[in-house]
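The values are calculated or read from the model by the stated rules, or taken from the named source; none is laboratory data. Remember, predicted model here, so these are calculated numbers, not experimental data. Counting neighbours? That spans all protein chains shown, and the Cβs are built from the backbone with ideal geometry, glycine included. Note: accessible area is taken over every heavy atom of the protein model, side chains too, but ligands, DNA and RNA are not part of it. Shrake-Rupley method; radii C 1.70, N 1.55, O 1.52, S 1.80 Å.
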Amino acid sequence: MNINLTILGQMVSFAIFVWFCARYIWPPIVNAMQEREKKIADGLAAADRATRDLELAQDRAAERLKEAKREAAGIVEQSRRQANSVLDEAKAKALEEAERIKVAAEAEIEREFNRAREELRNKVAMLVVAGAEQILQREVGEAANSELVDSLTAQL
Amino acid sequence: MASESGASSGEYISHHLTNLTLGQRPDGSWGIAHSNEEIAQMGFWAINLDTLGFSVVLGALFLLLFHWVARRVTTGVPGRSQNLIEMTVEFVNNNIKSMFTHDSKTIGPLALTVFVWVLLMNVMDLVPVDLLPRLAELTGVPYLKVVPSTDVNVTMGLALSVFLLILFFSVKQKGAGGFAAELCFHPFGKIAAPINFILESVTLIAKPISLGLRLFGNLYAGEMIFILIALLPWWIQWTLSVPWAIFHILIIFLQAFIFMVLTIVYLAMAFAVEEH
């Protein structure tokens, strides 16, 4: 265990080893480790952000759903009201129409009745005149005859 | 067992603690030392081939493994090997973040290299003590010390490198004057500058020495105990070597960790600009 030249050899090889390590070994390994650390940190941050986004989206979706439900209920209510009003209107119109038709029919019947009565009266008068003409024949003049017919017609 | 094959326990231990040394012999020829005396004669101008070989191979193993993963690194889901590497890097990086608040491109690779390299060198301690030296002996290699961090050259080499970095960054961050001021004016104010300088110099120099010797001492002692256990009869060895190995796993990791932490702390101190 004497100190000899070995100590210098040792120092030289140590210097070479440290140089080699500093040149080719330490930087790539440490850089890779730092880069991975950064990647993992980024990944965790992204996951946090995604969770927050998801929560927000869920809130928004629930809000949207509630709104849609409210809107749908409104639409149903409105359409029901509209249907009722249409129904009422139709009913009222139908009633009105029926009334109108009834009135027209009654008027028609009245008119027909009057016309028939008039016709009947004329026919009866003529029959009476014809009968009387046959009974009286020559005894009554033409003028007196027409007078008689007129008075009879007025009486009927 | 060496003791069973005739050699004394002392020789066995000393054989295991001797490095394979290449150096200049007294007669001027270069070669591998075959005894401790020869090594002593070689003095400073010698190289421990086993130490340097194992430490460089382990360091290269570390770099190859990490580089292989670094080239295929993905920011997506990591594979099994990438996971292991990333765990190691993150462990080192967390320690740096908690202790080193300044901005530096050097500290990360430095701490990672120190931690993994020292850990790998310490792990060699768990290889059975006789396995590699015996195999080496069969191929004619006289000595082989397997654990690089039980060689004071390795630990002090690392500690001295850290010390040079401390000096470099101190001067870079504070300027030569600022660094000198920190050494001279610190504990007792400007009047007692010489005393301050002595105290602060001791503090400064104690850093690399304690750093290097702590690792050396722990691993040397651990290896020594494995060697002593290997002296027992073969059928009883496991009762001691298994518990010690399990306990030693802790020491292996702990010493690598301490070396790294102290490196970071010392450099953090070098970067800190104090107010005067």
### Total accessible surface hidden between B and A, rounded to 100 Å², 1.4 Å probe
3600
### Message
Which lysines, if any, have their Cα less than 28 Å from the Cα of A:LYS39, not counting same-chain residues under 8 positions apart?
### Response
B:LYS97, B:LYS105
### Message
Are there any GluC sites (Glu not before Pro) in the range B:189-276 that are in a DSSP loop and have at most 10 other Cβ atoms within 10 Å? List them by number.
### Response
B:GLU275
### Message
Looking at chain A as a GNM with Cα springs under 10 Å, which of A:LEU127, A:LEU54, A:LEU87 has the largest mean-square fluctuation?
### Response
A:LEU127
### Message
Can you tell me the mean projection area, over all orientations, of the convex hull of the range A:40-127's alpha carbons? Units nm², please.
### Response
8.2
#### Entry: Note, ³J(HN,Hα) from phi for the range B:153-165, Karplus 6.51, -1.76, 1.60, rounded to Hz, x at Gly and Pro
4, 5, 5, 6, x, 4, 4, 5, 4, 4, 4, 4, 5
### Task
Determine the calculated [θ] at 222 nm for chain B from helices alone, applying -39500 (n - 2.57) to every DSSP H run no shorter than 4 residues and normalising by the residue count; nearest 500 deg cm²/dmol.
-23500 deg cm²/dmol
### Query
Which cross-chain or sequence-distant (5 or more) residues have an amide H under 5 Å from the amide H of B:ALA46, H modelled 1.01 Å from N in plane?
A:LEU5, A:THR6
### Query
Label-point separation (nm) for B:GLU137 and A:ASP59, each offset 7 Å from Cα along Cα-to-Cβ?
8.4
### Task
Might you work out the accessible area of A:ARG121 for me, using a 1.4 Å probe with all protein chains in place, and round it to the nearest 10 Å²?
80
### Kirkwood Rh and Cα Rg combined as Rg over Rh, evaluated for the range B:159-258
1.27
### Query
Can you work out the FRET efficiency for the pair B:GLU200 and B:THR106, with r the C-beta to C-beta distance and R0 = 25 Å, to the nearest 0.05?
0.55
### Message
Can you report the principal axis dimensions of the range B:69-120 using only the alpha carbons, biggest first, rounded to whole angstrom?
### Response
31, 25, 17
## Note on the structure
With every protein chain kept in place and a 1.4 Å probe, the residues B:PHE197, B:PHE271 fall, from largest accessible area down, as B:PHE197, B:PHE271
### Message
Restricting to Cα atoms and excluding each atom paired with itself, what does the Kirkwood estimate give for chain A in Å?
### Response
29.6
### Task
Considering only protein heavy atoms, with the full assembly of protein chains and a 1.4 angstrom probe, order A:LYS102, B:LYS174 by accessible area, largest first.
A:LYS102, B:LYS174
### Over the protein assembly as shown, equivalent-ellipsoid semi-axes from the Cα gyration tensor in Å
130, 29, 17
## Note on the structure
Note: the range B:1-78 at 37 °C, 0.692 mPa s; Kirkwood Rh on alpha carbon pairs; Stokes-Einstein D in µm²/s works out to 208
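I'd like to know how the range B:1-155 sits against the 2.2 N^0.38 Å rule of thumb: what's its Cα Rg over that expected value?
Ratio of Cα Rg to 2.2 N^0.38 Å: 1.35.
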#### Entry: Contact order normalised by residue count of the range B:91-216, Cα under 8 Å, 6+ apart, percent
23
#### Entry: Within chain A, helix-based [θ] at 222 nm, where runs of 4 or more DSSP H residues each add -39,500 (n - 2.57), nearest 500
-33500 deg cm²/dmol
### Message
Straight-line reach from A:LYS102: which lysines fall under 23 Å, measuring Cα to Cα and dropping same-chain residues less than 8 apart?
### Response
A:LYS91, A:LYS93
### Task
Please turn the phi angles of the range B:98-107 into ³J(HN,Hα) values with the Karplus equation 6.51 cos²θ - 1.76 cosθ + 1.60 (θ = phi - 60°), one per residue in order, whole Hz, x for glycine and proline.
7, 10, 10, 9, 8, 9, 8, 8, 7, 4
### Query
Out of A:ALA107, A:ALA144, A:ALA57, whose Cα points farthest toward the positive end of the dipole of the protein assembly as shown (charges: +1 Lys, Arg; -1 Asp, Glu; placed on Cβ)?
A:ALA57
### Task
Putting +1 on Lys and Arg Cβ atoms and -1 on Asp and Glu Cβ atoms, find which of A:ILE135, A:GLN10, A:ALA98 reaches farthest to the positive end of the dipole of chain A.
A:GLN10
### Query
In square angstrom, rounded to the nearest 10, how much accessible surface does B:TRP45 have for a 1.4 Å probe?
150
### Query
Once phi is turned into ³J(HN,Hα) by the Karplus curve 6.51 cos²θ - 1.76 cosθ + 1.60 with θ = phi - 60°, what whole-Hz value does each residue of the range B:50-62 show in order, with x for glycine and proline?
5, 4, 5, x, 4, 5, 5, 4, 5, x, 5, 4, 4
### Message
Once the convex hull of the alpha carbons of the range B:97-208 is built, what does its volume come to per residue, in cubic angstrom?
### Response
151
#### Entry: Overall Cα dimensions of chain B - principal axes, largest extent first, Å
67, 56, 39
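Give me the percent of the accessible area of chain A that comes from carbon and sulfur atoms, probe 1.4 Å, all protein chains in place.
60
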### Query
Which of the lysines could be linked to B:LYS190 by a straight reach, that is with a Cα gap under 22 Å, when you skip same-chain ones fewer than 8 residues away?
B:LYS174
### Message
For the full complex of protein chains and a 1.4 angstrom probe, list B:VAL56, B:VAL69 by accessible area with the highest value first.
### Response
B:VAL56, B:VAL69
